[in-house]
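The values are calculated or read from the model by the stated rules, or taken from the named source; none is laboratory data. These numbers come from a predicted model, not from an experiment. Cβ: placed from backbone, ideal geometry, glycine included. Neighbour counts: every protein chain shown. Only protein heavy atoms, including side chains, enter the accessible area calculation; ligands, DNA and RNA are left aside. Shrake-Rupley method; radii C 1.70, N 1.55, O 1.52, S 1.80 Å.
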Amino acid sequence: MKLTTWGACGTVTGSCHLLEEQGFKLLLDCGAYQGEADENNSAPFPFDPRQIDALVLSHAHLDHVGRIPRLYHEGYGGRVYATAPTLKLIEPILEDALKLQKEDIKRARRKKLPVPELLWDESDIRSLLERSKPLPYYSSRRIGPFRVVLKNAGHLPGSAFVEVHAGGKTLVFSGDLGNRRKETLPDPDYPPVADLTLSESTYGDRPHRPFQETLVEFAEVLAEALDAGGKVVIPSFALERAQEILFYIRRFEAEGHIPVVPVFVDSPLTTRVSEIYGRIQEAFSPLVQSFYRRGIDPFAPKKLRYTHSVDESKRLNFLEGPAIIIAGSGMLSGGRILHHLRHHLPEPKSAVVFVGYQPRGGLGHKLISGEKEVRIMGHEVPVRAHVYSLGGFSGHAGRDELLDWLVAEKRIVLVHGEDAARQSLARRLRGSGAKVTIARLGQSFEV
Ligand SMILES: [Zn+2]
């Protein structure tokens, strides 16, 4: 078979790879670019979508699924294979992406800027869902000349790495590999020794901080602000990170590390994802499943409330007493988090806790760097609240876990990482005898 890397080369977004065998074209992921690289989303596909025969997905993150509706919009008519939890989760993820596209268009019109074109619409999400086929872990599926098996990647509920067999050869695509210390998700499976392993390398140059340290610090930060009667504002991604934060808040309450206070989830997308969580219980760790079996929602602190309307969200500004507010977007690129920050940053009793990556130059990065005044929605806002950034919540394997997962592999192609991370990981892998390539966009490999 022939592999061509058509995305996530030197970046951590835009995952998309093409496999060809006997004229059959199988796509692995078709993700959106995010952040600075997002102009790539409107560039033409490097292949004709009408010529693609089938699509297999690793997991539901937007950078792995965000361009699928556009694939349908431009004539793709084939199936989409993924685990059942992944197929449930992609619907709200793509609807949210469509909403953001429409908001960008409105904003451009209002500000008389060049108006971006709508790349796809609701009907393309419907086509995708109608053509989707659940593929359970460990079951072997014939797709044209390929035999495909999904195994647990431990990165999101339903996340998978993909084994593809054809012509007597085996290719493994890691998708995104999970962080083994996650208590809410099952540990990633190990891959078979393959003829070629296409691997992510997000944290290829650094190990993670011990998670126990992160948890202790998180509990201390929460207790200090809440005991002082302050609010804690936590910007978070809607899928997985927000629910993991709720899982630990619930535990800290139950173990008496923090007082029981109202916890508000102020993000419509997080609310939808949390609803789905209750319907995909089999996708979680044995620990989480044991809670569900006892009738306990492990992702629900005692006074959890989901806010729905914008008015409800704004009313949180006038709330008396201690509380925790979780809102999106996780990287502060928009969303309800901005008005919470504007309101709470000037308050010395309050705390802002970052639990995810903040891009350089962005508002989150400025706050973490200790700036005393920031600009939010056109206002200068003084920073008097405590600002914390907790490493360790990453959903990805750290360097040592990647090395462990790849230990038996002989021929490795690295994608889904910045170049520094890929080079550092490649050096270590070569040191133990593997043949490693840092893939360029459009590079082909014969397997
Ligand atoms: Zn991911």
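The table below gives the values:
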{"item": "Cα-based Kirkwood hydrodynamic radius, the stretch 110-215, one decimal, Å", "result": "17.0"}
{"item": "Stokes-Einstein diffusion coefficient of the stretch 211-389, Kirkwood radius over Cα pairs, 37 °C, 0.692 mPa s, in µm²/s", "result": "198"}
{"item": "Those chymotrypsin sites (Phe, Trp or Tyr not before Pro) in the stretch 47-143 that DSSP places in a loop and that have at most 13 other beta carbons within 10 Å", "result": "Y138"}
{"item": "Signed unit charges on C-beta, dipole axis of the stretch 136-207, positive-most listed residue L150, S201, P188", "result": "L150"}
{"item": "Lys, Arg +1 and Asp, Glu -1 on Cβ, resulting dipole of the chain about Cα centre, debye, nearest 20", "result": "300"}
{"item": "List H365, H257, H340, ordered by accessible area with a 1.4 Å probe, largest first", "result": "H257, H365, H340"}
{"item": "For the chain, the spread of Cα positions along each principal axis, largest first, Å", "result": "66, 50, 42"}
{"item": "Cβ crowding within 10 Å averaged over residues, with 230-240, 303-313, 403-413, 104-114 ranked highest first", "result": "230-240, 403-413, 303-313, 104-114"}
{"item": "Directionally averaged shadow of the stretch 176-249, computed from the convex hull of its alpha-carbon atoms, nm²", "result": "6.6"}
{"item": "Lysine pairs with alpha-carbon atoms under 28 Å apart, the stretch 1-126, spacing 8 or more or separate chains", "result": "8"}
{"item": "Scattering curve values for the stretch 51-105, log₁₀ I(q)/I(0), Debye with Cα scatterers, q = 0.13, 0.20, 0.21, 0.27 Å⁻¹", "result": "-0.33, -0.75, -0.82, -1.16"}
{"item": "Linear extension gain, S333 paired with K102, 0.36 nm per residue minus alpha-carbon span", "result": "81.6 nm"}
{"item": "Label point distance in nm, E122-F47, each placed 7 Å from Cα along Cα→Cβ", "result": "3.1"}
{"item": "At 0.692 mPa s and 37 °C, Stokes D of the stretch 28-147 from Kirkwood alpha-carbon radius, µm² per second", "result": "217"}
{"item": "Percent carbon-and-sulfur accessible area, the chain, ignoring ligands, DNA and RNA, probe 1.4 Å", "result": "50"}
{"item": "Pair S309, E39: separation of 7 Å Cα→Cβ label points (nm)", "result": "4.1"}
{"item": "Simple Cβ-charge dipole of the stretch 211-389, Lys/Arg +1 and Asp/Glu -1, about Cα centre, in debye nearest 20", "result": "360"}
{"item": "Solvent exposure of the stretch 11-59 as accessible area per residue, Å², 1.4 Å probe", "result": "39"}
{"item": "Accessible area in square angstrom per residue, the stretch 205-335, 1.4 angstrom probe", "result": "44"}
{"item": "CD proxy at 222 nm, helix term only [per DSSP H run n ≥ 4: -39500 (n - 2.57); per residue of the chain; nearest 500]", "result": "-9000 deg cm²/dmol"}
